[in-house]
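So the structure is just underneath, and the comments pick up after that.
The values are calculated or read from the model by the stated rules, or taken from the named source; none is laboratory data. Everything numeric here is computed off the predicted structure, so don't read it as measured data. Ideal geometry is used to build each Cβ from the backbone, glycine not excepted, and the neighbour counts take in all protein chains shown. Accessible surface is based on the protein model in full, side chains and every heavy atom, while ligands, DNA and RNA are left aside. Shrake-Rupley method; radii C 1.70, N 1.55, O 1.52, S 1.80 Å.
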Amino acid sequence: MYFEIQINPFISISIALMSIAIVAIVASYALHISREDLVKRFVYGMHIEDKKLFLPAVATIDIGDVYIEGYWVSNGKSSSYHSKVEVANAQQVEASVLDLDTICNSSFYVYVDRGNNVLAIAPGFIIKSGEYRDIVVLCLDKSKIPTKEIELRASKGSELALARVKLGPTGYETSVKWVVEAPADKRLVYDEEKGVYRFVEEYKERPRARGARVEICFKKPRSGSLCREVAVARAPGEEAKGTKSFNIITTIVVFHRKLLQDAYRLFSSAIESQGQEIVAGYREGFVYAKSVLDISLARDSIAEQPI
């Protein structure tokens, strides 16, 4: 006596596909772990002494501006992560010791959000051969960030949002003043809190704006920018100040080029995060400022200018 068991061919195909998927997931995870272990071995074997960076082994290296971009693409049914890491104007050398002044020769810019969308450019290098192939090293030296100051004026009629933005090694300092140039009358009023009389100005025309603000905008991967409000003046004649600072935890950042899907964790170990994203540094063309006169029930008056 025997039993004959018939298996639906569609079930067989489903089981086979599921098995393949499981194997692929396990293999992908194992590869991820092996790349992380490679980075750890590289970092443990690396050290800095007398302004020189000593590598664990001799390797072929592309030195220059490292451009990094990573982002998610969705077709409505599934999502995939795309990344690019390349060196602009690369100088190829074979070495195990590098001069830090040669590597850290310019400023940097980093934008990363919690979804691991990343756009960064920084001096550094990529290892092109040997055991540590595809290891990327960046230099985030805030002393290389230039000092700049710009002024922006957004106006509507007799009202003005006058903003100033100053860039330096620790971040951005801003101020914005809501200026009303309409005629005003002086009136003597009694200040009950202080127990004194003082003159106040009353505008003959009621200001149309609700306030004035200054924003700093940072370039994101692919297209668009993230704009953050830094200071807001909420009364005519008021001047408000604010800062957008960044704290670099470590100057040298090391990662594997094929681990960018974990970009937020990678960069949060080097740059102190603020809110939902990590934004730090400066590169020309990557940052601009906005002065905004917030008009009630009408389009705002906006002045934009690259920093």
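Zone of Ser96 (label point 7 Å along Cα→Cβ, backbone N under 12 Å): which residues in the stretch 31-65?
Correct set: 46, 54-59.
State the three equivalent ellipsoid semi-axes of the stretch 51-125, derived from the C-alpha gyration tensor as the square roots of 5 times its eigenvalues, in descending order and whole Å.
The equivalent ellipsoid of the stretch 51-125 has semi-axes of 31, 14, 10 Å.
Please work out the FRET efficiency for the pair Lys84 and Glu151, using the Cβ-Cβ distance as r and a Förster radius of 35 Å; give the result to the nearest 0.05.
The computed FRET efficiency comes out at 0.45.
Note down the net charge around Leu98, summing +1 for each Lys or Arg and -1 for each Asp or Glu among other residues with Cβ under 15 Å from its Cβ. Write down the numbers at each step before the final one.
Working: positive: Lys51, Lys52, Lys128; negative: Glu49, Asp50, Asp62, Glu94, Asp99, Asp101, Asp141.
Within the 15 Å Cβ shell, the charges total -4.
Can you list the equivalent-ellipsoid semi-axes of the stretch 56-178, largest first and in whole Å, using the square root of 5 times each Cα gyration tensor eigenvalue? Could the numbers behind the result be given before it?
Numbers: eigenvalues 277, 109, 19 Å².
Semi-axes, largest first: 37, 23, 10 Å.
How large is the accessible surface per residue of the stretch 217-280, computed with a 1.4 Å probe and reported in Å² as a whole number?
Dividing the accessible area of the stretch 217-280 by its residue count gives 49 Å².
Could you work out the pair-distance distribution P(r) of the stretch 222-307 from its alpha-carbon pairs, with 5 angstrom bin width and percents rounded to whole numbers?
3, 10, 16, 19, 18, 13, 9, 6, 4, 2, 0
So what are the stretch 98-157's ellipsoid semi-axes, whole angstrom, largest first, if each one is the square root of 5 times an eigenvalue of the alpha-carbon gyration tensor?
Square roots of five times the eigenvalues give 34, 18, 7 Å.
Between Phe54 and Tyr67, 0.36 nm times their residue separation minus their Cα-Cα distance comes to what?
Full-extension gain reported as 2.4 nm.
Determine which lysines satisfy two conditions relative to Lys51: a Cα distance under 18 Å, and not lying fewer than 8 residues away in the same chain.
Excluding near neighbours in sequence, the set is Lys142, Lys144.
Cβ neighbours within 10 Å, averaged per peptide: list 73-83, 142-152, 256-266 in order, most packed at the top.
So the peptides 73-83, 142-152, 256-266, ranked by packing, come out 256-266, 142-152, 73-83.
Count of lysine pairs in the stretch 210-307 with Cα atoms under 21 Å apart, counting only pairs 8 or more residues apart in sequence or on different chains?
For the stretch 210-307, qualifying lysine pairs total 7.
Suppose R0 equals 41 Å; then what is the FRET efficiency for Ser34 and Ser143 from their Cβ-Cβ distance, rounded to the nearest 0.05?
Values: r = 36 Å, r/R0 = 0.88.
It comes out at approximately 0.70.
Quick check for me: using +1 on Lys/Arg Cβ and -1 on Asp/Glu Cβ, what's the dipole size of the stretch 45-110 about its Cα centre, in debye to the nearest 20?
Magnitude of the dipole: close to 380 debye.
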